[in-house]
Each structure stands twice: as C-alpha cells, then as structure tokens.
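Worksheet for the structure shown next.
Here, each number is a calculation from the coordinates, and none is a lab measurement. Computed from a prediction, not measured in an experiment: that's the story for all the values here. Here the Cβ is made from the backbone with ideal geometry for all residues, glycine too, and neighbour counts use every protein chain on show.
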Amino acid sequence: MIGVVDYKAGNLKSVDSALSHLHGDFFISDDPEKLLKCDKMIFPGVGEAYSAMEVLRSTGLGEAVKEFASSGKPLLGICLGAQIVFDHSEERDTPCLGIIPGKVKRFAPDMGLKVPHMGWNTIEYRELPLFKDIPQNSSFYFVHSYYIASENDENVAAICEYGIPFTAAAVKDNILACQFHPEKSGEPGLQLLKNFIELY
C-alpha cells in the first residue's frame with residue numbers, strides 16, 4: 001500500500017489520477033500515524049518551501065516523513081517534495097528535512113532564460129531500477145524556480161540542463177527524489193511510477 005502525503009502543498013489530483021491509471025494500491029492522508037504504516041510513500045508538492053515546512057512542522061508530518069525515510073521503506077519525493085528532503089532551500093531561507101545532503105538554489109535571473117523553468121526537458125540518468133524501460137534522454141515535465149544542488153555526486157540519479165546542469169533526480173538508499181513531475185510526464189512518467197510501484 002502506498003501512502004501519499006497530503007500537506008496542503010501537493011498536486012494531489014494529478015498523482016491520484018496517475019496512480020489510479022496504473023491500478024496502484026494507494027491512499028492519500030494527512031495523518032502521520034496512518035502514513036507510517038504504509039509500505040511505500042509518495043511525498044508530492046507544488047508551492048513554496050517555507051509555507052510547506054511550516055505545515056510539516058506544525059502537523060508532525062515532517063517527523064513522520066523523516067521516520068519513514070529512516071525505516072528503509074521506499075520513499076518518492078516529487079518537485080517541492082523532492083526539494084524538501086534536502087538540507088536547506090534559498091526560498092525564504094528555509095531549513096528543510098535534511099534527509100539527503102544538499103541545498104536548493106534559485107536559478108540566476110541573469111542566465112538569459114525564463115524563470116521558472118517550465119515545460120518539457122530531457123534528462124540523462126544513471127542505471128537504476130526507477131528508470132527501467134525508460135529511454136535515455138526522455139523528456140519529463142518541469143515547473144520550478146529553484147533547483148537541487150546535491151552535495152554528493154553519489155546522490156545524483158539524473159541530470160537536466162537549463163542554463164546550468166542541475167540534479168533532476170536524486171537517490172539515497174531507499175529514498176528517490178524527482179524534481180520533475182512524473183505524474184504529468186506522459187508515458188515516461190507513468191513508467192517511472194509503475195517502476196516505483198512494482199520494483200520497490
């Protein structure tokens with residue numbers, strides 16, 4: 001059973017639709033105790049880091065996500081949910097959950113590209129079960145003004161280029177974090193979610 005974390009910052013309708021399409025066994029909840037009992041967790045998010053962390057702290061959901069991450073059970077973070085598992089975000093100088101080493105930085109306004117980075121872009125990934133049956137350099141859908149800067153190269157699962165190379169996906173043990181939205185990324189995104197459901 002997959003528990004999808006509802007912390008009032010998630011793009012829950014799209015995640016719900018994608019998991020339903022894949023016939024995934026899941027529930028959406030804001031109850032830390034229920035979420036800790038699930039076999040896998042998806043930690044989605046759209047919005048702003050500071051506000052999201054305030055909700056996570058005040059509800060106990062942040063501690064639940066950290067406890068789940070330390071349990072060894074599979075955890076998938078999406079977009080803001082991927083950024084928040086790192087140490088710190090430049091968005092309103094926000095301390096985050098500190099599960100994967102690294103920072104979240106704002107795209108420089110002088111790089112000659114529109115911010116936010118919005119739309120389809122290709123990724124180059126390293127061989128992991130998460131990317132099984134997904135062609136290299138497949139396109140995924142991004143919407144973000146801040147990007148993940150992993151502290152350690154071994155945590156980088158995929159790279160994307162937007163003015164600069166940045167971490168498009170990160171991995172640490174049982175934790176997977178995708179800056180892009182697999183639930184909005186057509187066939188490659190559905191395959192990634194299918195891999196998460198079936199392989200982990």
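Taking each of LYS73/LYS103; LYS40/LYS114; LYS73/LYS114; LYS13/LYS114; LYS37/LYS105 in turn, the alpha-carbon distance tops 31 angstrom for LYS40/LYS114; LYS73/LYS114; LYS37/LYS105. By other beta-carbon atoms within 10 Å, ranking ASP25, ASP93 with the fewest at the front produces ASP93, ASP25. Percent of alpha carbon pairs in the chain separated by more than 27 Å? Taking all Cα-Cα pairs of the chain, the fraction more than 27 Å apart is 20 percent.
Ranked from largest, the principal axis spans of the Cα set of the range 73-113 equal 41, 19, 15 Å.
Taking the chain as a Gaussian network of alpha-carbon nodes connected by springs under 10 Å, the highest mean-square fluctuation of the residues HIS23, HIS117, HIS144 belongs to HIS23. Sites listed here are trypsin sites (Lys or Arg not before Pro) in the range 39-121 whose DSSP assignment is loop and whose Cβ has at most 15 other Cβ atoms within 10 Å: ARG92, LYS114.
Placing +1 on each Lys and Arg Cβ and -1 on each Asp and Glu Cβ, with no other charges, gives the range 2-199 a dipole about its Cα centre of roughly 200 debye.
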